[in-house]
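See below for the structure under consideration.
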Amino acid sequence: MTKPVITAYKWVPPFAQGLVRDTRARWAFEEVGIDYDVDVIDLPYAKSEAHRRFQPFGQIPTYSDGKVEIFESGAIVLHIASLAPGLLPDDAARSAAAVQWAIAALNSIEPFVQQLAVVDVFEADRDWSKARRPKVIDDLKARLGDLEAALDRKEWLDGVGFTAGDLMMVSVLRALRGTGILDELPALAAYVARGEARPAFNRALADHMAVFANAA
Ligand SMILES: N[C@@H](CCC(=O)N[C@@H](CS)C(=O)NCC(=O)O)C(=O)O
């Protein structure tokens, strides 16, 4: 295995800065202490045939280490987690639960979070967005309420320690920044704040933001 390389965007609009999915891979690398390089690309290159050979949908992040070449931030985080201790516990039951929570973040929470971004940002100018927004909010709040109940009063989702499941869940919930949705869910808001307070997260975020500063 050579030094892993991930892809990230050279620039994104301010509303997306700090949230682009390379942050998830960067955070995972920082948690397990593996050094990595970043191939900084622009959107036209992401849509090129050359990039689509690695990412068929023309998106970032991708991961390559000379042996493993994968896309999907969830797959990338779980792969990084498998390379060194820190994100997948040795205990088989806890490790399976960590994978479960990572997939729950991507499959049971992120689609609801994304619907809000669709009506508020990506399709905010469409007539149907205004009509649909109340239902999007209701569905999202219901799903987040269930998640808060599952978290209960625990520090992290498995009740023992921080795992790849928390990394992915906090990453997904961070996309709600500025929406006020978590104001009514203080335990979940505190959970996100705990994730964002981790030194590994802060190193990852600083490196992610530095790319945009360099592009300016
Ligand atoms: N499910 C994919 C989604 C990847 C994704 O949406 N990437 C965004 C950046 S966060 C992107 O490249 N968007 C540009 C586009 O879709 O054209 C993952 O988790 O890796």
> What dipole magnitude, in Debye to the nearest 20, does the range 92-198 give about its Cα centre under +1 on Lys/Arg Cβ and -1 on Asp/Glu Cβ?
Replying inline: 80
>> Pairs of alpha-carbon atoms within less than 8 angstrom and 6+ residues apart define the contacts here; what relative contact order does the chain have, in percent?
In response: 26
> Between rounded, prolate and oblate, where does the range 92-198 land on the alpha carbon gyration tensor, with a ≥ b ≥ c its root eigenvalues, rounded for a/c under 1.5, else prolate if a/b exceeds b/c?
Replying inline: prolate
>> Quick one: 3J(HN,Hα) in Hz for the range 180-194, Karplus 6.51/-1.76/1.60 with θ = phi - 60°, rounded, Gly and Pro as x.
In response: x, 4, 7, 4, 8, 10, x, 5, 6, 4, 5, 4, 4, 4, 4
>> Give me the count of lysine pairs in the chain whose alpha carbons sit under 21 angstrom apart, restricted to pairs 8 or more positions apart or on different chains.
In response: 4
> By how many nm would the segment from Val118 to Ala92 lengthen if fully extended, with 0.36 nm per residue of separation less the alpha-carbon distance?
Replying inline: 5.6 nm
> Got a sec to turn the phi values of the range 50-65 into Karplus ³J(HN,Hα) couplings, 6.51 cos²θ - 1.76 cosθ + 1.60 with θ = phi - 60°, whole Hz, x for Gly and Pro?
Replying inline: 4, 6, 5, 5, 9, 9, x, 9, x, 10, 10, x, 10, 9, 8, 9
> How much of the DSSP beta bridge set in the chain is antiparallel, as a percent to the nearest 5?
Replying inline: 50
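Nearest 20 debye, what's the magnitude of the dipole of the range 155-202 about its Cα centre given +1 on Lys and Arg Cβ and -1 on Asp and Glu Cβ?
It comes to approximately 180 debye.
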> For the range 60-206, which whole percent of the accessible surface, found with a 1.4 angstrom probe, sits on carbon and sulfur atoms?
Replying inline: 53
>> Can you compute 3J(HN,Hα) from phi for each residue in the range 119-124, using the Karplus curve 6.51 cos²θ - 1.76 cosθ + 1.60 with θ = phi - 60°, rounded to whole Hz and x for Gly and Pro?
In response: 6, 8, 10, 5, 10, 4
> What distance in nm separates the simple spin-label points at Arg132 and Glu49, each placed 7 Å from Cα in the Cβ direction?
Replying inline: 3.4
>> With +1 on the Cβ of every Lys and Arg and -1 on the Cβ of every Asp and Glu, and nothing else charged, how large is the dipole of the chain about its Cα centre, in debye rounded to the nearest 20?
In response: 320
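The values are calculated or read from the model by the stated rules, or taken from the named source; none is laboratory data. Everything quoted here is computed from the prediction, not taken from an experiment. Using ideal geometry, Cβ is built from the backbone for each residue, glycine included, and neighbour counts are taken over all protein chains shown. Side chains are part of the model used for accessible areas, which takes the heavy atoms of the whole protein and leaves out ligands, DNA and RNA. Shrake-Rupley method; radii C 1.70, N 1.55, O 1.52, S 1.80 Å.
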